[in-house]
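**Student:** Have a look at this one.
Just so you know, all these numbers are worked out from the coordinates, no wet-lab data involved. Bear in mind the structure is a predicted one, so any value in this text is a computation, not a measurement. Cβ sites come from the backbone with ideal geometry, for glycine too, and all protein chains shown count toward neighbours.
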Amino acid sequence: MAEVGQQHPIKVYFLVWALLFVFSIASYLVDFFAFEGHLRWFLIVVFMLLKAGFIVAVFMHMKWERPTLITAILVPPLVLIVLMYLLAYEADYAWASRIVYFGDVVEPIPEPPPSHAAVPH
């Protein structure tokens, strides 16, 4: 009796492996050509997300799962990313309010003086 199941063609795995190799080379070229500033970080994040997406979709078989499972796995990280963005946006407001209330120069909290009683003589 033949075994019943789903078999994915190996060609798909080799194609994704080759794409991952190309994306890794492109990621290293970003550093090799010394891109700077926002373009550098944008390219690094794009290649990172592309590689992670292909690994999750093909090697972890997410591409062939039910849409409800895909949604249950992908939505929480997306919500966390949105919340992290909102926190980063709020951080600028918090720093600006410190400058408004404390003045242009915000001094760091001074460290307490060293205790001489703990030092043996």
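**Student:** Could you list the GluC sites (Glu not before Pro) in segment 1-75 that lie in coil according to DSSP, counting only those with at most 10 other Cβ atoms within 10 Å of their Cβ?
**Tutor:** On the way: sites: Glu3, Glu36, Glu65; in loops: Glu3, Glu36, Glu65.
Here the GluC sites (Glu not before Pro) that fit, given the DSSP loop and packing criteria, are Glu3, Glu36.
**Student:** Additional query: Hey, what did segment 1-64 get for relative contact order, percent, Cα under 8 Å, at least 6 apart?
**Tutor:** 37
**Student:** Can you list the chymotrypsin sites (Phe, Trp or Tyr not before Pro) in segment 1-105 that are in a DSSP coil and have 16 or fewer other beta carbons within 10 angstrom? Write out the running numbers ahead of the final one.
**Tutor:** Details: sites: Tyr13, Phe14, Trp17, Phe21, Phe23, Tyr28, Phe32, Phe33, Phe35, Trp41, Phe42, Phe47, Phe54, Phe59, Trp64, Tyr85, Tyr89, Tyr93, Trp95, Tyr101, Phe102; in loops: Phe33, Phe35.
Sparse-neighbourhood loop chymotrypsin sites (Phe, Trp or Tyr not before Pro): Phe33, Phe35.
**Student:** Quote the Stokes-Einstein diffusion coefficient, in whole µm² s⁻¹, for segment 1-64, based on the Kirkwood radius over alpha carbon pairs, a temperature of 10 °C and a viscosity of 1.306 mPa s. If you can, show how the numbers build up before the last one.
**Tutor:** Values: Rh = 13.5 Å.
The diffusion coefficient I find is 118 µm²/s.
**Student:** Quick one: Karplus J couplings for segment 57-66, per residue in order, coefficients 6.51, -1.76, 1.60, θ = phi - 60°, nearest Hz, x for Gly and Pro?
**Tutor:** With the stated coefficients, segment 57-66 comes to 5, 9, 6, 9, 6, 5, 4, 9, 8, 6 Hz.
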